[in-house]
Amino acid sequence: MRLRPAARPAAFARARFVAGFLALPLLLYVVYVISPYVQAFTIALTDWRGVSASPRFTGLDNFRRLLGDDVFWTAVGHNALLLVLLPVLTIVVALFFAFLLNAGGARARGVAGSRFYRVVFFFPQVLAVAVVAVLFQQVFRPDAAGMLNAPLIALGLEPVGFLSDPGVALWSILGVLVWQAVGFYVVLFSAGMASVPREMYEAAQIDGAGPGRLFFRVTLPLLWDTVQVGWIYLGIAALDVFAIVWVMTAEHGGPDHSTTVMAAEIYRNAFQYFKFGYASAMGVVLFFFTVGFAALALRLSRRERIEF
């Protein structure tokens, strides 16, 4: 459909007005987001150690080295495990508590004091990640001062090395990550459930639906878009658990690399070994892991939108 001559100046003026508002944000995005990505890809092709003004171009040598780096692939495996378990556990627990708070009782009302419980669940979100890591260092202490080991020692049992046993340490990290994240998603899912028309719950209950059928037949389908967003955010968080691992664990990913992740290896190679080119190659791999996960999650969780 062609615009009438009189309408063209107004359309052009509107386009210039919109472009004027978009120009500065777009410029900032290019300078502070796209430009660092391009620099990281460029540095990954060099042997730059952070001090030379003219690093030597090495092509794909850094990526070839990654193929034989056992520590890096151990870190990839840990990230992959967290990528599967962190979203699943967090979303399941958050949905359970959100349903109790919003539609778990008679006539689709939540439990008494639900507003207070939302605040309690959200509390871990106001704590800095480093504070959470230091807090759980004390919780997991292997002596009588540890919150979890103190009862075991009092009963004459052997204390558990939550952060010192290679077979237990990563699961302890996973528990902390779920504890920290679940409160935010309880609030997020509660907001989504609150937007569901009350009449739909009442109609389902009149038809004899119990809490389980209410959740799977009414709540979850209408909340699917919110769950999808939470799944992607948690997956990206599972690929970036640097702070918790670096602060909580011995050797910043130990013991014996049993908790190391890709972000920790990137930091270690860049700022401890001064292998910025090699660390940038790891960063490029992490970038494609993240983008690939987001695209795959959107593809697999796509479904028809439910309108109400």
R0 = 22 Å: FRET efficiency of Val134 with Val92, Cβ-based, nearest 0.05?
-> 0.20
Sites Arg49 and Phe123 - FRET efficiency at Förster radius 51 Å, r taken between beta-carbons, to 0.05 = 0.70
Mind checking which of Arg64, Arg14, Arg213 has the largest fluctuation in a GNM of the chain, springs on alpha carbons under 10 Å?
-> Arg14
Report, in whole Å, the centroid distance computed from the Cα atoms of the stretch 243-286 and the stretch 208-236.
-> 35
Within the stretch 204-308: Cβ-based charge dipole about Cα centre, in debye rounded to nearest 20 (Lys, Arg +1; Asp, Glu -1) = 240
Given a Förster distance of 25 Å, the FRET efficiency implied by the Cβ-Cβ spacing of Asp165 and Val71, rounded to the nearest 0.05, works out to 0.80
Taking the Cα centre of the chain as origin, work out the dipole magnitude from +1 charges on Lys and Arg Cβ and -1 charges on Asp and Glu Cβ, in debye rounded to 20.
-> 1640
Candidate values [x] -0.47, -0.58; [y] -0.66, -0.79; [z] -0.60, -0.66, label of the one derived for log10 I(q)/I(0) by the Debye sum over Cα atoms at q = 0.09, 0.10 Å⁻¹ = [y]
Report the net charge of residues surrounding Trp48, where surrounding means a beta-carbon distance below 9 angstrom and charges are Lys +1, Arg +1, Asp -1, Glu -1.
-> +2
The stretch 167-185 scanned against label point 7 Å out from Ala250 along Cα→C-beta; backbone N under 12 Å for 167, 169
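Taken together, the values in this text are just the output of simple stated rules run on the coordinates, not laboratory data. From a predicted model like this one, the values you see are computed outputs, not experimental measurements. In this analysis, Cβ positions are derived from the backbone assuming ideal geometry, glycine residues included, and neighbour counts consider all displayed protein chains.
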